[in-house]
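Since the structure comes first, as structure tokens, the remarks are kept for the end.
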Amino acid sequence: MDVLHSVLYGFSVSLQPANLLACFAGVVIGTLVGVLPGIGSVAAMSLLFPVTYTMSPTAAIILMAGVYYGAMYGGSTTSILVNIPGEAASVVTCLDGHPLARQGRGGAALGMAAFGSFIAGTLGVIGITVLAPPLARLALRFGPPEISSLLFLGFTMISYLAGGSKLKAAAMALLGLLLGTVGLDPIVGTPRFTYGSVTLLDGIGFVPMIMGLFGIAEVLLNLERSGQPEIVQSPIRGVLPTRQDWKDSGGAIARGSVLGFFLGILPGIGAIVPTFLSYGLEKRLSKHPERFGAGAIEGVAGPESANNAAAAGSLIPLLTLGIPPNVVMAVLLGAFLVHGVQPGPLLMQEHPEIFWGVVTSMYVGNAMLLALNLPLIGLWVQLLRVPYHILFPLILLCCMVGAYSVNSNVWDIVTMLLFGAVGYWMKQWDYDPVPLVLAFVLGRMAEESIRQSLVLSRGSLGIFLARPLSAVFLITAALLVLLPWLIPQGTNLLRKLQRQDGPG
Amino acid sequence: MSKDTGTAGFLLLLGVTVSVEAGKLPFGNLSTPGPGFFPFCLALALCLVGLLFLLHSLTAARAGQNISPAAESGKRGKAVWTLLVLLGYAAGLEPMGFLAATFLVMLLLYGGIERRRWPVAAGGSLLTTVLAYALFRLLQVRLPEGLWAP
């Protein structure tokens, strides 16, 4: 009953005209960003930072969240029609979505992606409503040792789950933590690594950093790619899935939603991993796996459901613990802090209008997206035809003005361009910027909690193992680090034992 | 020397440099860690990771595994020139003001980088500048006035 009352209160907040408008603006911008190449949801959200300064905290967060899950919807459109994922989380949708479009069933693919996303998003919101309150109550029992260990587990998972080299990911995470130490010490206020610069006393700007790493770097990389993408020319007909489509996809949507939601909660996962896992699962479970890659509609429904459910799930650690599990949530954390609101276990008590308003706005936003995406598919297709040589200067201009307007300081533009160059080279040399950004955002919290823990224990490191929850987090982190070595060793041992037992 | 080896060396050097700089800050002790404690520990961890990475990359190089793709040099030039144009924009934004600086940078991007015909580039730049100015004013974003300041 208490939860129902809270949800109704949340709807009374999210349906206020200003918040409704913010939700609408967010999902439209998000869909646009998802459709257009060259700008992702992270860069778009960071560009919107200055715009949100005049808004209420609730409206600002609703707008930013709308951009995120709106981009998921938009990304599937380009995946299906152009075979180019508009968002990283829509990569897998290309595998079966584009073949469907080539077979003249683009409308059905787009429709199923939209419906699957809506159902998964709705289930995700229900999941948040159910899981978030008990998790917030549990988090109230966290002290500095638990927070330190949880963050250490988070960093380990981010490095472990990063694509490519784990060492590179660990190096990026350490670099992010170090960059986070520039500025004033969080406890005693001593300047660190500022070298007399007044600008650096505030630390390295988060908004210029992410705009550089994800906005400028992306544009620079796209400049190297030539040619305009080829769009499927056949008219988009029949966006409502058939009864057979629903029969084929129902299970995939349900499984993708559950998989995506729970994976989205974990640090370092994001929305991309659940889509791959969902695709793999559906192919494994299918009676006709040979259809996958040639236009299986469940190959679209499952991953699209998974990425939207993951978007909802990833809000849980941010809202209840104040810990962003991925870079998009890190941007959202920045938005909270800019408006003077600290997400975490006390958010529900101190700012219920923000917590429940944001959660219920996702339901409203999902409904808006379903209404927007299907009738406006023709418009999105036209937008895809805009040549990149017209788009990229506009994107760059928005980045430049966005960075400048944070503090009306030209050095923020320079910071952004520096990180743009860094991000460009990182992508060229196969380094993932996500661990760097997450570690940068969480570094301050990590340092404060570690130092507070040591003060509490009077210098004894045993405090991290003496507290049960903290010990669980640390042991899990240790297992994750040792797993790549333990699994082959375990398998070899098993084989030896089997050979010893042998036939007869 | 492969790119990974170079990067590993850079990380090692960075770790050593930061640990020296962090050593100049008050370190405190385990029961009352000072401002230098956390960055020093991070720098040591970075040195360790850098060393492991260096060993790994040297081993991989010996096995012939370090093949890094490179962008075509002509197209990488586009990225470099774009960055230089944007740096110029940053330098000229406050003295020249938003309108003049934006028109100039759009002209350079459309005409110089994308090699559109100059009249087309000029027209596009003017349109973009005016529309962008109107949009940012609507969004109440503060823009430098530069030459046009009263």
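The values are calculated or read from the model by the stated rules, or taken from the named source; none is laboratory data. Predicted model only: the values in this text are computed from it and were never measured. All Cβ positions, glycine included, derive from the backbone under ideal geometry; neighbour counts span all protein chains shown. Just the protein is used for accessible areas: all its heavy atoms, side chains included, with ligands, DNA and RNA removed. Shrake-Rupley method; radii C 1.70, N 1.55, O 1.52, S 1.80 Å.
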> Can you give the longest stretch of chain B with no exposed loop site, where a site means trypsin sites (Lys or Arg not before Pro) in a DSSP loop (not H, G, I, E or B) with at most 12 other C-beta atoms within 10 Å?
Replying inline: B:25-114
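At 1.4 Å probe size, with every protein chain present, just tell me what the per residue accessible area of chain A comes to in Å². List each step's numbers first, then the result.
On the way: 19620 Å² over 504 residues.
Per-residue value: 39 Å².
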> So which helices of chain A fit the span-like rule, where a helix is a whole DSSP H run, its Cα atoms reach 24 Å or more along the axis, and its mean Kyte-Doolittle is at least 0.0?
Replying inline: A:17-35, A:57-82, A:106-139, A:144-161, A:243-265, A:352-373, A:388-407, A:410-428, A:433-456, A:468-501
> What do you reckon, how do A:245, B:4 stack up by accessible area (1.4 Å probe), largest on top?
Replying inline: B:4, A:245
> What are the residues of the stretch A:444-469 that lose 50 Å² or more of accessible area, with a 1.4 Å probe, going from their chain alone to all protein chains?
Replying inline: A:451, A:454
>> For a quick check: with amide H placed at 1.01 Å from N, whose amide H comes under 5 Å from residue A:184's, ignoring anything fewer than 5 positions away on the same chain?
In response: A:192, A:203
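At a probe radius of 1.4 Å, figure out the B/A buried accessible area, summed over both chains, and give it in Å² to the nearest 100. Mind showing how you got there, number by number?
Values: alone 10760 and 22130 Å², together 27910 Å².
The summed interface area works out to 5000 Å².
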> Hey, what angle do you get for helix B:73-96 against the long axis of chain B, alpha-carbon based, 0 to 90 degrees rounded to 10?
Replying inline: 70
>> Quick check: Cα centre of the stretch A:235-307 to Cα centre of the stretch A:51-76, how many Å?
In response: 25
>> I want to make sure I understand the PRE zone here: with the label point 7 angstrom from the Cα of residue B:80 toward its beta carbon, which residues in the stretch A:400-425 have backbone N atoms less than 20 Å away?
In response: A:417-425
> Once the Cβ-Cβ distance between residue A:131 and residue A:276 is put in as r, and R0 is 25 Å, what FRET efficiency do you end up with, to the nearest 0.05?
Replying inline: 0.60
> Of all the stretches in chain A, which is the longest one without any exposed loop site, taking trypsin sites (Lys or Arg not before Pro) in a DSSP loop (any state but H, G, I, E, B) with at most 10 other Cβ atoms within 10 Å?
Replying inline: A:1-140
>> Testing the spin-label approximation: label points 7 Å from Cα along Cα→Cβ at residue B:31 and residue A:190. State their distance in nm.
In response: 1.9
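Grab the Cα-Cα distance for residue A:138 and residue A:492, subtract it from 0.36 nm times how many residues apart they are, and report the gain in nm with one decimal.
Numbers: separation 354, 0.36 × 354 = 127.44 nm, distance 4.02 nm.
The residue A:138-residue A:492 span can extend by a further 123.4 nm.
Suppose R0 equals 60 Å; then what is the FRET efficiency for residue A:9 and residue B:60 from their Cβ-Cβ distance, rounded to the nearest 0.05? Let's see the in-between values first.
Numbers: r = 57 Å, r/R0 = 0.96.
Given R0 = 60 Å and the Cβ-Cβ separation, E is 0.55.
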>> Explain nothing, just the number: relative contact order of chain A, from Cα pairs under 8 Å at least 6 residues apart, as a whole percent.
In response: 28
> For chain A, which whole percent of the accessible surface, found with a 1.4 angstrom probe, sits on carbon and sulfur atoms?
Replying inline: 67
> Based on the Cβ-Cβ distance of residue A:88 and residue A:383, what FRET efficiency does E = 1/(1 + (r/R0)^6) give at R0 = 25 Å, to the nearest 0.05?
Replying inline: 0.85
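With an 8 Å cut-off on Cα pairs and a minimum separation of 6 or more residues, tell me the relative contact order of the stretch B:1-139 in percent.
Values: 118 pairs, mean separation 25.8, N = 139.
Averaging sequence separation for qualifying contacts and normalising by length gives 19 percent for the stretch B:1-139.
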>> Nearest 10 degrees is fine. How inclined is helix B:3-23 to the longest principal axis of chain B, computing both from alpha carbons?
In response: 80
> Of the heavy-atom accessible surface of chain B (probe 1.4 angstrom), what whole percent is carbon and sulfur?
Replying inline: 70
> Of A:459, A:103, A:375, which is farthest along the charge dipole of chain A in the positive direction, counting Lys and Arg as +1 and Asp and Glu as -1 at C-beta?
Replying inline: A:103
>> Can you compute the charge dipole magnitude of the stretch A:420-504 about its Cα centre, using +1 on each Lys and Arg Cβ and -1 on each Asp and Glu Cβ, nothing else charged? Give it in debye, rounded to the nearest 20.
In response: 240
>> List the residues of the stretch A:388-402 for which accessible area in the full set of protein chains is at least 40 Å² lower than for the chain on its own; 1.4 Å probe, protein heavy atoms only.
In response: A:389, A:392, A:393, A:396, A:397, A:400, A:401
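Can you compute the charge dipole magnitude of chain A about its Cα centre, using +1 on each Lys and Arg Cβ and -1 on each Asp and Glu Cβ, nothing else charged? Give it in debye, rounded to the nearest 20.
Details: 25 positive and 23 negative charges, 213 e Å.
The calculation lands at about 1020 debye.
Please give the contour-minus-distance gain from residue A:243 to residue A:18: 0.36 nm per residue of separation, less the Cα-Cα distance, rounded to one decimal in nm. If you can, show how the numbers build up before the last one.
On the way: separation 225, 0.36 × 225 = 81.00 nm, distance 3.89 nm.
Extra length available between residue A:243 and residue A:18 comes to 77.1 nm.
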>> Run lengths n ≥ 4 of DSSP H only: what is the helix-derived mean residue ellipticity at 222 nm for chain A, with -39500 (n - 2.57) per run over all residues, to the nearest 500?
In response: -24000 deg cm²/dmol
